[in-house]
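Below is one structure; the comments refer to it alone.
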Amino acid sequence: MTTPPVWLWLLFVGVVVVLLVLDSMLLHRGAEVIPVRRAAIDSIGWITISLLFGLLVLAVLGGHAAGEYYAAYVTEKALSVDNVFVWAVILAHFAVPKALQHRALFWGVAAALILRLVFILAGVALLDRLNWLFYFFGAFLVFAAIKMVRDSDDEIDPEGGPVMRTARRLVPSVPEFHGTSLFTRIDGRRVATQMFFVVVVIETTDLVFAVDSIPAVLALSTDRFVVLSSNAFAVMGLRSLYFLFADLHGRFRYLPQGLALVLAFVGAKMILEQGIGSWSVEIPIATSLGVILGVLAGAVVASIVFDRPEPRTEEAAS
């Protein structure tokens, strides 16, 4: 694979920083309620930027790298959909005002980008040195797929995690929001607002999801640039998806099964391509991308088709 030139790295970092600054300082400045139409436009914008960046990868690094970028982007985006629905539970639990929700998710996504950077660099470094980890990650993804199907109806407790309990105990706080601020001063004392704890929970849940999604992306590519760029663009657009899809969780009843199949596929791909002895199976990245898109599309179509309400008969109506 072609080594990414330094200017491409600098361009990528610059684009991410500029987009985050524009999003927080210009497009979504301060507290505001995001209507569905605005969320749809924002989502289209983020997806368009992501796809265009893939074309840049194609032009500079070639078709194989671009295929890995798109496969990793689609996989990360799809696996993050569940994260969006969890955000809905968290924001409802803390009764976050609608005007403050976008800022809460912005802080959560900004922190997620930094932590995912650490996770990805560590994962690639480990895979470069310890080949047996390919088998471990592959088996872990298959296990995660099974667990996703079995535990799809588990309740979420935003206050129940050890990180949140520790934060509640150690950080002085006030029991209300103070605009979009994470901290405020009360009687000269600096204390955390409820926004701080919302961000803590959002970031904690993102780390849990990253445990599945990052190995899944590493199963498709171990190129640092491809994995980092695809992950960053997928995560940055999640806030718009939240305002677009948060209320539609029940409409996609077969999505967890589709995501589980994606995890199982990339886990098996990771193991098969590593091989046993001299035997191995190489799955082309174009095939992987086709399987991932096909499974996700099938899950969405099945949810729409089989969730249609039963037509009322005359007898039932009477």
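From the set of residues in the range 163-210 that are among the β-branched types (Val, Ile, Thr) and not in a helix (DSSP H, G or I), which is nearest to Asp82 (Cα to Cα)? Can you show your working first?
The initial filter retains those residues of the range 163-210 that are among the β-branched types (Val, Ile, Thr), namely 163, 166, 171, 174, 180, 184, 186, 191, 193, 198-202, 204-205, 208.
Next, from what is left, pick out any that are not in a helix (DSSP H, G or I): 171, 174, 180, 184, 186, 191, 193.
Numbers: Val171: 29, Val174: 30, Thr180: 25, Thr184: 32, Ile186: 37, Val191: 32, Thr193: 27 Å.
Result: Thr180.
Please verify whether Ala122 is within 19 Å of the chain's Cα centre (by Cα) and modelled with pLDDT of 85 or more, treating the condition exactly as stated.
Working: within 19 Å of the chain's Cα centre (by Cα): yes; modelled with pLDDT of 85 or more: yes.
Here the answer is yes, as Ala122 does meet what is asked.
Hey, among the residues in the range 101-120 that are in contact with a helix residue (DSSP H, G or I) (Cβ under 7 Å, 6 or more places away or on another chain) and closer than 27 Å to Phe134 by Cα, which one's surrounded by the most Cβ atoms within 10 Å (Cβ to Cβ)?
Step one: filter the range 101-120 for residues in contact with a helix residue (DSSP H, G or I) (Cβ under 7 Å, 6 or more places away or on another chain), giving 101-102, 104-113, 115-117, 119-120.
If we keep only those that are closer than 27 Å to Phe134 by Cα as well, we get 112-113, 115-117, 119-120.
Numbers: Ala112: 26, Leu113: 16, Leu115: 13, Arg116: 23, Leu117: 14, Phe119: 19, Ile120: 20.
Among them, the one singled out is Ala112.
Is it the case that the range 70-81 has a residue that's among the basic types (Lys, Arg), at pLDDT 85 or above and at negative phi?
Quick first cut of the range 70-81, residues among the basic types (Lys, Arg) only: 77.
Retained after the next criterion (residues that are at pLDDT 85 or above): 77.
Subset that is at negative phi: 77.
Yes.
Within the group Asp187, Asp223, which residue is among the acidic types (Asp, Glu), at pLDDT 85 or above and over 30 Å from Val36 (Cα atoms)? Give the steps one after another, and end with the answer.
Details: Asp187 fails: at pLDDT 85 or above.
Every option except Asp223 fails the conditions.
Considering only residues that are in contact with a helix residue (DSSP H, G or I) (Cβ under 9 Å, 6 or more places away or on another chain), modelled with pLDDT under 85 and part of a helix (DSSP H, G or I), look in the range 300-318 and name the one that is surrounded by the fewest Cβ atoms within 10 Å (Cβ to Cβ).
Ile304
Suppose the filter is in a helix (DSSP H, G or I), in contact (Cβ under 8 Å) with a residue 40 or more places away in the chain and under 22 Å from Phe245 (Cα atoms); does Val149 pass it? Walk me through it before giving the result.
Values: in a helix (DSSP H, G or I): yes; in contact (Cβ under 8 Å) with a residue 40 or more places away in the chain: yes; under 22 Å from Phe245 (Cα atoms): yes.
Against the criterion (in a helix (DSSP H, G or I), in contact (Cβ under 8 Å) with a residue 40 or more places away in the chain and under 22 Å from Phe245 (Cα atoms)), Val149 qualifies.
Say we look at the range 246-260 and pick out the residues that are in contact with a Ser or Thr (Cβ under 9 Å, 6 or more places away or on another chain) and assigned to a helix (DSSP H, G or I); which of these is modelled with the lowest pLDDT?
Arg251
Sort out which residues of the range 175-184 are in contact with a helix residue (DSSP H, G or I) (Cβ under 9 Å, 6 or more places away or on another chain) and surrounded by 15 or more Cβ atoms within 10 Å (Cβ to Cβ), and write them in order of number. Show your work before the answer.
Going residue by residue through the range 175-184, those that are in contact with a helix residue (DSSP H, G or I) (Cβ under 9 Å, 6 or more places away or on another chain) are 175-183.
If the condition is that a residue be in contact with a helix residue (DSSP H, G or I) (Cβ under 9 Å, 6 or more places away or on another chain) and surrounded by 15 or more Cβ atoms within 10 Å (Cβ to Cβ), then Phe177, His178, Thr180, Leu182, Phe183 are the ones that fit.
Tell me which of these Phe233 doesn't satisfy, since it passes every other one: (1) modelled with pLDDT of 90 or more; (2) surrounded by fewer than 24 Cβ atoms within 10 Å (Cβ to Cβ); (3) within 17 Å of Leu51 (Cβ to Cβ).
Unmet condition: (2).
Of all residues in the range 203-230, which are surrounded by fewer than 24 Cβ atoms within 10 Å (Cβ to Cβ), touching an Asp or Glu at 6+ places or on another chain (Cβ under 9 Å) and closer than 20 Å to Gly63 by Cα?
Ser221, Thr222, Asp223
Mind checking whether some residue in the range 17-39 is surrounded by fewer than 14 Cβ atoms within 10 Å (Cβ to Cβ), modelled with pLDDT of 90 or more and assigned to a helix (DSSP H, G or I)?
Yes, the range 17-39 contains a residue that is surrounded by fewer than 14 Cβ atoms within 10 Å (Cβ to Cβ), modelled with pLDDT of 90 or more and assigned to a helix (DSSP H, G or I).
The values are calculated or read from the model by the stated rules, or taken from the named source; none is laboratory data. The structure displayed is predicted, hence computed values, not measured ones. All Cβ positions, even for glycine, are placed from backbone atoms using ideal geometry, and neighbour counts span all protein chains on display.
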